[in-house]
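The values are calculated or read from the model by the stated rules, or taken from the named source; none is laboratory data. Just so it is clear, the model here is predicted, and its values are computed rather than measured. As a convention, Cβ positions derive from the backbone with ideal geometry for all residues, glycine included, and neighbour counts pool all protein chains shown. Areas reflect the complete protein model, heavy atoms only, side chains present, ligands, DNA and RNA absent. Shrake-Rupley method; radii C 1.70, N 1.55, O 1.52, S 1.80 Å.
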Amino acid sequence: MNLNYKSLSGFIGAGYFIIGILVILYNKFIIEMDPKWARILGALFILYGLFRVYRAIKFMKQK
(Lines give C-alpha, C1' and ligand atoms only; values in the text may rest on other atoms or scores of the structure.)
Protein backbone atom coordinates (compact mmCIF):
# COMPACT_ATOMS: atom_id res chain seq x y z
CA MET A 1 0.00 0.00 0.00
CA ASN A 2 1.34 3.36 -0.85
CA LEU A 3 1.38 6.58 1.14
CA ASN A 4 -1.57 8.13 -0.69
CA TYR A 5 -3.83 5.25 0.28
CA LYS A 6 -2.88 5.57 3.94
CA SER A 7 -3.36 9.33 4.00
CA LEU A 8 -6.79 8.82 2.42
CA SER A 9 -7.46 6.22 5.11
CA GLY A 10 -6.63 8.84 7.75
CA PHE A 11 -9.09 11.31 6.22
CA ILE A 12 -11.79 8.64 6.10
CA GLY A 13 -11.10 7.90 9.77
CA ALA A 14 -11.54 11.58 10.59
CA GLY A 15 -14.83 11.47 8.69
CA TYR A 16 -16.05 8.56 10.80
CA PHE A 17 -15.08 10.49 13.92
CA ILE A 18 -17.10 13.52 12.79
CA ILE A 19 -20.09 11.35 11.84
CA GLY A 20 -19.98 9.80 15.32
CA ILE A 21 -20.11 13.21 16.96
CA LEU A 22 -23.00 14.30 14.75
CA VAL A 23 -24.97 11.11 15.49
CA ILE A 24 -24.57 11.74 19.22
CA LEU A 25 -25.52 15.42 18.96
CA TYR A 26 -28.56 15.07 16.67
CA ASN A 27 -29.81 11.54 17.56
CA LYS A 28 -30.09 10.76 13.85
CA PHE A 29 -28.39 8.43 11.44
CA ILE A 30 -30.58 8.14 8.35
CA ILE A 31 -33.56 7.79 10.74
CA GLU A 32 -34.48 9.27 14.10
CA MET A 33 -32.94 7.24 16.91
CA ASP A 34 -33.50 6.80 20.60
CA PRO A 35 -30.80 8.87 22.39
CA LYS A 36 -29.36 5.75 24.04
CA TRP A 37 -28.85 3.99 20.72
CA ALA A 38 -27.56 7.17 19.10
CA ARG A 39 -24.85 7.43 21.78
CA ILE A 40 -23.89 3.78 21.27
CA LEU A 41 -23.72 4.09 17.48
CA GLY A 42 -21.91 7.43 17.74
CA ALA A 43 -19.35 5.94 20.11
CA LEU A 44 -18.74 3.06 17.70
CA PHE A 45 -18.21 5.50 14.83
CA ILE A 46 -15.80 7.54 16.95
CA LEU A 47 -13.81 4.48 18.04
CA TYR A 48 -13.58 3.16 14.48
CA GLY A 49 -12.52 6.58 13.23
CA LEU A 50 -9.79 6.83 15.86
CA PHE A 51 -8.62 3.32 14.96
CA ARG A 52 -8.36 4.24 11.26
CA VAL A 53 -6.44 7.45 12.01
CA TYR A 54 -4.11 5.59 14.40
CA ARG A 55 -3.34 2.93 11.79
CA ALA A 56 -2.68 5.54 9.11
CA ILE A 57 -0.34 7.52 11.38
CA LYS A 58 1.45 4.35 12.46
CA PHE A 59 2.01 3.38 8.81
CA MET A 60 3.25 6.85 7.85
CA LYS A 61 5.77 6.89 10.71
CA GLN A 62 7.16 3.52 9.59
CA LYS A 63 7.87 4.79 6.07
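Share of carbon and sulfur in the accessible area of the chain stands at 70%, probe radius 1.4 Å. Between the Cα long axis of helix 3-26 and the first principal axis of the chain there is an angle of about 10°, rounded to the nearest 10.
Return one whole number: the accessible area per residue of the chain in Å², for a 1.4 Å probe. Before the final figure, lay out the partial values.
Details: 4850 Å² over 63 residues.
Normalised by residue count, the accessible surface of the chain is 77 Å².
If you fit an axis through the alpha-carbon atoms of helix 35-62 and take the longest principal axis of the Cα set of the chain, what angle between them do you get, 0 to 90°, nearest 10? Helix 35-62 sits roughly 0 degrees off the main axis of the chain. In the chain, helical runs assigned H by DSSP with n ≥ 4 each contribute -39500 (n - 2.57); averaged across all residues and rounded to the nearest 500, the mean residue ellipticity at 222 nm is -29500 deg cm²/dmol.
When the charge dipole of the chain is built from unit charges on Cβ atoms (+1 for Lys and Arg, -1 for Asp and Glu) and taken about the Cα centre, the candidate among Leu47, Gln62, Ser9 whose Cα reaches farthest toward its positive end is Gln62.
Please compute the length gained on full extension between Phe11 and Ile31, using 0.36 nm multiplied by the number of residues separating them and subtracting their Cα-Cα distance.
Separation in residues times 0.36 nm, less the Cα-Cα distance, equals 4.7 nm.
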